[in-house]
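**Q** Mind having a look at this structure? Questions to follow.
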Amino acid sequence: MKKMNVESFNLDHTKVAAPFVRLAGTKVGNNGDEILKYDIRFKQPNKEHMEMPGLHSLEHLMAENIRNHTDQVVDISPMGCQTGFYLSVINHDNFVEILEILEKTLQDVLNATEVPACNEVQCGWAASHSLDGAKEIASEMLAKKDEWRQIYIEEA
Ligand SMILES: [Zn+2]
């Protein structure tokens, strides 16, 4: 396969075992600050995906709540294929802590009573939300917490 500019385009999506969390890349700035980008894969590529309203609410809930657990988040946003999220952080290279932050954030989703900012002033498609859908995705992800560190299907 031709080497692509985007790191994840070089990843063989048929060889991964979702759910998993994978460091997808790092960038170091001129002053030594480091941006790390993680691939948080919730669903098995080309086999399953998250439905849009639940995914959208999960995006709002995670974006708002993850920042209660660390001030090093640059961005967390959904993949267009609806199988995962990108998480970018600055100067945070402790993988174990990243997993703990993710776990706490998903726990917040389960405890949520409403979706933050799901109105026409604060969101681009306020009608497309599902708190129950977001909770279902979060609960399935948390149930498979022990699998988050395994990225690839084990060779038989
Ligand atoms: Zn929105």
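**Q** Within region 36-68, which residues are acidic (Asp, Glu) and surrounded by fewer than 21 Cβ atoms within 10 Å (Cβ to Cβ)?
**A** GLU48, GLU51, GLU59, GLU64
**Q** Go through region 106-137 and count every residue that is β-branched (Val, Ile, Thr) and near the ligand (Cβ under 10 Å from one of its atoms).
**A** Number satisfying all stated conditions: 1.
**Q** Among the candidates MET79, MET50, MET4, single out the residue that is closer than 25 Å to LEU131 by Cβ and free of Cβ contacts under 8 Å to residues at least 60 places away in the same chain.
**A** On inspection, the qualifying residue turns out to be MET79.
**Q** Tell me yes or no: at least one residue of region 107-120 is in a loop (DSSP other than H, G, I, E, B), in contact with a Cys (Cβ under 7 Å, 6 or more places away or on another chain) and closer than 16 Å to MET50 by Cα.
**A** Checked region 107-120: no residue is in a loop (DSSP other than H, G, I, E, B), in contact with a Cys (Cβ under 7 Å, 6 or more places away or on another chain) and closer than 16 Å to MET50 by Cα.
**Q** Among the listed residues GLU103, GLU140, identify the single one that is away from the ligand (no atom under 16 Å from the Cβ) and either assigned to a strand (DSSP E or B) or under 20 Å from ALA24 (Cα atoms) (or both).
**A** GLU103
Only the coordinates and a few stated rules stand behind these numbers; no lab work does. The structure presented is a predicted model; accordingly, all values stated were derived computationally and were not measured. When we count neighbours, we look across all protein chains shown, and the Cβ atoms used for this are built from the backbone with ideal geometry, even at glycine.
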